[in-house]
Amino acid sequence: MKFIHLADVHLGAVPERGSALGEVREGEIWKTFRRVIESIHDDPVDLLFIAGDLFHRQPLLKELREVNYLFSTIPSTMVFLMAGNHDYLKKNSFYRDYPWAENVIFFDEEEMSCAKAGDLDVYVYSHSYERKEIPERLYDRVRPGNEPGLHILMAHGGDQSHIPFDYRTLSTSGFDYVALGHIHKPQIFPGGRAAYPGSLEPLDRNEDGSHGYLKGTFENGEVKLSFFPAACRSYVNVSLNVKEDTTQFDLEDRLKELILEKGKNNLYLVSLKGRRSPDTVFLPERLMELGNVIEVRDDTRPAFQLGELERRYSGTLVGSYIAAFREKENLTEVEEKALYYGLTALLETNNVSQKIANTKLRKDQ
Amino acid sequence: MLVRRLQIQNFGKISDEELTLSPGLNVIYGENESGKTTIHTFIRCMLYGLQRSRGRGARGDDFTKYEPWENPGEYGGILWISKEDHDYRLTRSFARERSMEELFCETTGEILDIDEGDLEELLGGISETVYENTVSVAQLKSVTGKELIQELQNYMISYQGTGDASMDLNRAMQMLKMTRKGYMTAEEKRKKALEAERNKLESSFNYTYREIEELNQKQKTMGEKHAEGKTAAEAERKQYEKRILSLKQTIKMLRYAALGTAGFALLLAVLLPVVLPSFSWLWILAVLAGGISAGGIFLFSGSYGEEISRVQKSLVMLKKREDKLEWNAESISERMIEKRTVLDNLRQEIQAFDEASLEPSQAQKETEAINLAIEIMEHLTGDFRVGIGDRLRQRMSEILSEITDGKYEEVLISPDFQIRINTENRIVSLESLSRGTLEQIYFALRMAAGELLCGDEVFPVILDDVFGMYDEDRLAAALHWLYKEPRQVIISTCSKREAEILKREGIPFKEILLG
C-alpha cells in the first residue's frame with residue numbers, strides 16, 4: 001500500500017510580499033501542489049494525507065472548487081483532509097459543507113473521529129481545528145481501534161499553543177503511522193512511525209533547505225518513508241569569507257560561481273563574514289544584482305587589533321573610546337558595530353594617516 | 001624616566017652608533033640628513049616596539065622605512081634607561097622572523113616580563129600616541145604664518161577634544177554622519193516601498209468592503225422585492241387555485257346538467273310511448289332534443305377543462321418565477337460569505353504585514369550603531385575638555401609668560417577654541433602676532449599639554465629642530481625655561497646657535513656631534 005503525506009501547503013500565501021517575487025511565489029505554491037497531485041496519475045498511490053494548513057487562510061469557494069477538481073482527477077486515491085490552525089473551520093467556513101468528490105474524506109469537526117478508506121482496511125483518525133489555537137493536549141489519549149488493517153493518525157500541531165505532544169507518546173500509541181503537520185521543517189522522528197513532511201514550498205526566509213513531501217509504503221506492518229523535494233526554489237544561506245585582501249570583485253566572482261553551482265532559481269541570503277581591511281567597504285547592492293540575491297548582511301569586522309590599538313592610544317580619545325566598549329561584557333550587535341564605526345571614523349580622518357595617504361598619492365603620481 | 005645611553009646596532013641609515021646622554025640638557029648636532037630624526041624614531045621604537053603594518057598599509061610604514069639595507073638581521077639595538085634609582089637595559093631586535101625583546105633590570109639583576117606589562121609600568125602608562133603627541137615635539141611644517149595659526153588652532157581643538165593632536169574630531173563626526181545619512185536614505189526607500197505595499201493591501205480591503213456593502217444593499221432591496229414578489233405570487237396562486245376550483249365546480253355542474261338532461265331524455269324515451277302510445281314526431285323530437293342538449297352540455301364542459309389546464313400552466317410558471325427569486329437570494333448570500341472571507345483574510349494579511357514591518361531593518365540597526373558611536377564620542381570628548389580645559393590654559397599662560405619675560409601674560413581660549421593672548425595692555429588675536437611669537441605660543445602649548453597628559457610621570461622632552469625660527473633672545477628664554485624644568489631634554493638641531501647660547505648663558509649641557 002502506497003501513500004503520499006503532505007502538509008502545510010499554504011495555498012494563498014504570498015512569500016516575499018512587496019518584492020517582484022511576491023506574485024511569482026504565490027503562483028508557484030499552487031503550481032507545485034498541482035504538480036504533486038498530477039504526479040499521482042503516473043505513479044498512483046492508494047492514500048493521500050494532507051495534514052492541515054492546505055490553505056494559508058480561510059479558503060474561498062472557488063479555491064475549494066479548484067482543489068476538489070484536482071482531487072477528482074485521482075479517483076482511485078483516497079484523500080484525507082483536515083483543517084489546520086491557518087485554515088481552521090470558522091463559523092461560516094466554506095469547508096463546512098463543501099460537497100467533496102467521492103474519494104475525499106474531510107474531517108469537519110474538532111472532535112476526533114475515525115474514517116474507513118472505502119474498501120481498504122485502512123482506518124484514519126483525525127479532526128480539524130475550529131479555532132486558531134488549541135492549547136489542549138488532544139492527541140495524548142488517542143488510541144487505534146481493534147479492527148484488522150492499518151490505523152493511521154493524521155495530526156496537526158506540536159507547539160505550545162497548537163496541541164502540544166511528545167513524539168515518543170505518539171510513536172508508541174499503537175498507530176501504524178502518524179501523519180503530522182504544522183512544523184515547516186521536514187522531520188522523520190526516530191522509529192520512522194511519525195513524521196512532518198514540512199511545508200511544500202518554503203514560505204519565508206527562515207525556511208531554508210529542501211522542501212517537498214513524504215512518500216511511503218506499508219508492507220508487513222513496516223513503514224518505509226522517503227522525502228521527495230518538490231519546491232520550485234529553496235532559500236540558500238551563503239556565507240562568504242572575507243580576508244584583509246578581499247576585494248569587491250573577488251566577492252562578486254565567488255558569489256556568481258556559487259549561484260551557478262547551486263542553481264540560479266534559488267533565493268540567496270548572503271552574509272559576509274570575517275575580518276576585512278579597515279579601509280575596505282563592500283557594496284551589497286552590487287551583490288544583489290547577481291541573481292536572486294534577496295539579502296546581503298555584512299557581518300565583517302575591520303581587522304583592528306583592539307588590544308594593540310587601546311594600548312597605543314591609551315590616554316587619548318581613541319584609547320578611551322575602545323575602553324568604553326571593552327568595559328562592557330558581551331557587546332550587542334549594535335554596540336559592536338558602533339565600536340567599529342567610531343574607530344574607523346577616528347582613525348581614517350586621523351591627520352597622520354591622512355598625511356601618509358597624501359604622500360603616497362604624490363608618490364604614485 | 002630618562003634615557004642614559006643608546007646603542008644603535010642597525011637602524012635606518014645608522015649602524016654601530018653609541019650615544020651617552022646626560023640627565024639634563026642634551027644637544028645633538030648634525031647636518032641635514034645626518035640621522036637626527038632617525039635617533040628620535042629609534043628611541044620611540046625601542047620604547048614601544050616596531051610592528052609591521054598588515055596588508056596594504058605595509059608599504060611606507062616605519063618598519064619598512066627603517067629596515068636597514070645591509071645586515072637586516074641586525075635590525076635593532078639597546079637602550080639604557082633609568083627610573084627612580086633603578087637602571088634598566090632594554091634590548092630589541094626588529095628583524096623579520098627573528099624579532100626579540102628583553103628588559104633587564106641592572107640594579108636588581110632581574111629579567112622583567114614585557115608581555116606582562118613590566119615595560120608599560122616603567123613608562124608610567126604613557127601610551128605611544130601620548131608620547132608622540134607630547135614627549136616628542138617635531139618641527140612645525142607650516143611655511144606661512146596663516147598655516148601656522150591653522151596648525152596651532154587645530155592642535156588646540158584636537159588636543160582638547162581627544163588628547164591627540166593628530167585626531168580630527170570634526171571630520172570623524174562628519175564621516176559618521178555621512179555614513180548615517182546613507183543608511184537613512186536606504187531606510188526611507190524601504191519604508192516607502194512598504195507603505196506602497198500596505199496601501200495596495202488596504203485598497204483591496206476597502207474595495208472588498210465596498211463590494212460587501214453593495215451586496216448588502218442589493219440583498220436588502222432584493223429582500224423587499226422578494227417579499228413583494230412572494231406575496232404577489234401567493235395572491236396570484238390563490239386566484240389561480242380559486243379559478244381552478246370554480247372551473248372544476250362549473251364542469252361538475254355542467255356534467256350533472258348534461259347527465260340530468262340525458263336522463264330526462266331517456267325518461268322521455270321510456271315514458272312517452274306510454275303516455276302517447278302512437279308513434280309521434282313529438283316523441284322522437286323530444287328524445288332527440290334531450291340527447292343533443294345533454295351532449296352539448298357535456299362538450300361545453302370540456303372547454304372548461306382546457307381553461308383549467310391553462311391556469312395550471314400559469315401556476316407552473318409562477319413556481320418557476322418563485323424559484324428564481326429564491327435562487328437569486330441564495331447566490332447573493334453565498335457571494336456575501338465569499339466576500340466576507342476575502343475581507344477576513346485581507347485583515348489578517350494586513351496584520352501579519354504590519355507585524356513583519358515592525359522588525360528593525362539592517363539599515364535601522366546601522367543607524368542605531370552610528371548614533372551610539374556619536375553619542376559615546378561626544379561624551380568622551382566632553383570628558384577630555386573638562387579634564388584638560390582650564391588647566392591647559394593656565395599652564396600654557398605660565399610657560400608663555402616665562403619665556404616671553406612677562407610680555408604675554410595670559411592665554412585666553414574661547415568656547416570654540418579660538419586662542420587669544422592677553423598682553424600687558426590689550427587682548428590680541430593670533431593673526432596680529434609675529435611668526436616668532438606664534439612659535440613661542442606653540443611651544444608653550446606643547447609643553448603644557450605634555451605635562452598634563454603625562455601627569456605625575458616625568459618624561460624626557462625631545463625637541464627635533466624646533467627652534468629654527470627663533471631669534472637669539474627667544475631661543476635663550478626657551479633654553480632657560482627648559483633647563484629649569486626637572487626633566488631630561490634632548491634637543492636635536494642643525495644649527496650651532498643652541499650650543500653657543502647655552503655656553504654663553506652658562507647653562508650646563510652635553511653636546512653630541514653626529515656624522
With B:R391, B:R340 as the choices, which residue is closer than 30 Å to B:E485 by Cα and assigned to a helix (DSSP H, G or I)? B:R391
Restricting to region B:496-508, give me the number of residues that are surrounded by fewer than 19 Cβ atoms within 10 Å (Cβ to Cβ) and either touching a strand residue (DSSP E or B) at 6+ places or on another chain (Cβ under 8 Å) or outside the structural domain of B:T20 (by TED's automatic domain parsing) (or both). 4
Wholly enclosed helices (runs of 4 or more DSSP H) of region A:241-359 bearing at least 1 residues touching a Ser or Thr at 6+ places or on another chain (Cβ under 7 Å): A:306-312, A:317-326, A:333-348
With respect to A:P302, determine if the residue is within 14 Å of another protein chain (Cβ to nearest Cβ) and in contact (Cβ under 8 Å) with a residue 60 or more places away in the chain. no
Looking at region B:157-173, which of the residues that are within 7 Å of chain A (Cβ to nearest Cβ) and assigned to a loop (DSSP other than H, G, I, E, B) is surrounded by the most Cβ atoms within 10 Å (Cβ to Cβ)? B:G163
Anything in region B:196-243 that is surrounded by 12 or more Cβ atoms within 10 Å (Cβ to Cβ) and of a type in the set (D, E)? List them, or say none. B:E197, B:E202, B:E211, B:E234, B:E236, B:E241
Every residue in region B:360-417 that is at the interface with chain A (Cβ under 10 Å from one of its Cβ atoms) and hydroxyl-bearing (S, T, Y), please. B:T367, B:T381
Residue check, A:L70 buried (at least 19 other Cβ atoms within 10 Å of the Cβ), in the same structural domain as A:H182 (by TED's automatic domain parsing), under 26 Å from the mean Cα position of the chain (by Cα) and not basic (K, R): no
If I go through region A:333-359 residue by residue, how many of them are surrounded by fewer than 13 Cβ atoms within 10 Å (Cβ to Cβ) and either facing another protein chain (nearest Cβ under 8 Å) or at pLDDT 85 or above (or both)? 2
Within the group B:D456, B:D464, which residue is under 20 Å from B:T129 (Cα atoms) and surrounded by fewer than 17 Cβ atoms within 10 Å (Cβ to Cβ)? B:D456
Selection over region A:1-24 where residues are more than 14 Å from every other protein chain (Cβ to nearest Cβ) and within 24 Å of B:Q348 (Cα to Cα) yields a count of 4
Just wondering, is there one or more residues in region B:136-151 that are part of a helix (DSSP H, G or I) and farther than 30 Å from B:I126 by Cβ? yes
Filter result for B:T250 (part of a helix (DSSP H, G or I) and either within 14 Å of another protein chain (Cβ to nearest Cβ) or touching a His at 6+ places or on another chain (Cβ under 6 Å) (or both)): no
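Would you point out the residue of region B:174-191, among those that are more than 12 Å from A:N350 (Cα to Cα) and within 10 Å of chain A (Cβ to nearest Cβ), that is surrounded by the most Cβ atoms within 10 Å (Cβ to Cβ)?
First, pick out the residues of region B:174-191 that are more than 12 Å from A:N350 (Cα to Cα): B:174, B:176-191.
So of that shortlist, the ones also within 10 Å of chain A (Cβ to nearest Cβ) come out as B:174, B:176-180, B:186, B:190.
Details: B:Q174: 13, B:L176: 23, B:K177: 13, B:M178: 11, B:T179: 19, B:R180: 20, B:A186: 18, B:R190: 16.
Residue satisfying both the conditions and the ranking: B:L176.
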Report yes if some residue within region A:276-294 is surrounded by fewer than 20 Cβ atoms within 10 Å (Cβ to Cβ), touching a residue at least 12 places away in the same chain (Cβ under 8 Å), touching a Lys or Arg at 6+ places or on another chain (Cβ under 6 Å) and within 10 Å of chain B (Cβ to nearest Cβ); otherwise report no. no
Can you tell me which of (1) touching a residue at least 24 places away in the same chain (Cβ under 8 Å); (2) of a type in the set (A, V, I, L, M, F, W, C); (3) closer than 23 Å to A:G274 by Cβ; (4) within 9 Å of chain B (Cβ to nearest Cβ) is the one A:L317 doesn't meet? (3)
Sort out which residues of region A:76-113 are within 14 Å of chain B (Cβ to nearest Cβ) and aliphatic (A, V, I, L, M), and write them in order of number. A:A83, A:L89
Would you check if there is a residue in region A:52-63 being without any contact (Cβ under 8 Å) to a residue 60 or more places away in the chain, more than 14 Å from chain B (Cβ to nearest Cβ) and touching a Pro at 6+ places or on another chain (Cβ under 8 Å)? no
All conditions in (1) within 14 Å of chain A (Cβ to nearest Cβ); (2) within 43 Å of the chain's Cα centre (by Cα); (3) of a type outside the set (S, T, Y) are true of B:M336 except (2)
What's the number of the only condition in (1) outside any strand (DSSP E or B); (2) of a type outside the set (S, T, Y); (3) at negative phi that A:V178 fails to meet? (1)
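The values are calculated or read from the model by the stated rules, or taken from the named source; none is laboratory data. This one's a predicted model, so the numbers in the text were calculated from it and none came from an experiment. Backbone-built Cβ (ideal geometry, glycine too); neighbour counts: all protein chains shown.
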